[in-house]
Amino acid sequence: MDKDKLIELVSKKMKLIRTEYGYTQDKMADILGVSKKTLVQIEKERTQASWSNVIAVCVLFRHSEVLQAALSSDPIEIVETIAHDRVSSPKQKTLGGKVWWKEVLKKDGYRIQQNLVSQHFRIVDNEDYRWFSSFNKEETIARLEELSLKNSH
């Protein structure tokens, strides 16, 4: 998944997310810092949300069932991975990747998983903490090797 695909996906889900939270168009527009007219255009799929609006939706509505189902992952993790090309530090505990993830590689207490929807990769440890995320498989494998070396010393 890239920035354009995420913008398209979040834009298409904006009305459902607003409805899920029980917000009027006026309230949602106010939360996102856009005009009601702009929100209506997005909801009618005449235009797409801006990148900054997509980030706002992913942060402010990160627990939305609609958003999580559409992304099959933590929305903030996907935004961070796209924005920085990678995320490389221990983060929050994951659910372990039982549903939306396939295991790609396992080594020395770490697993590389690939998200079935966004296609990004992540490294999680045996306690299901995320250590790294990237859309680049080779970079993820290299990071796994680094973590494995640290673990063996």
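Computed from the coordinates by the stated procedures, all read-outs in this text should not be read as laboratory data. Small disclaimer: the values here were computed from a predicted structure and weren't measured. Positions of Cβ are backbone-derived with ideal geometry, glycine not excepted, and every protein chain shown enters the neighbour counts.
For Leu16 and His84, what is the calculated FRET efficiency with R₀ set at 41 Å and r taken between the beta-carbons, to the nearest 0.05? Numbers along the way, then the final one.
Values: r = 28 Å, r/R0 = 0.68.
Working from the Cβ atoms, E equals 0.90.
Counting only alpha carbon atoms, the long axis of helix 137-152 and the longest principal axis of the chain meet at about 50°. Adding -39500 (n - 2.57) for every DSSP H run of four residues or longer, then dividing by how many residues the chain holds, sets the calculated 222 nm ellipticity at -15000 deg cm²/dmol. Projecting the Cα atoms of Ile31, Met1, Trp51 onto the charge dipole of the chain (Cβ charges, centred on the Cα centre) puts Ile31 farthest toward the positive pole. Projected onto their three principal axes, the Cα atoms of the chain cover extents of 58, 24, 21 Å, largest first.
Take the chain and mark each of the trypsin sites (Lys or Arg not before Pro) that is in a DSSP loop with at most 16 other Cβ atoms within 10 Å; the longest unmarked stretch, sites excluded, is 99-153. Counting lysine pairs in the stretch 3-71 that sit 8 or more residues apart in sequence, or on different chains, and whose Cα atoms lie under 22 Å apart gives 23.
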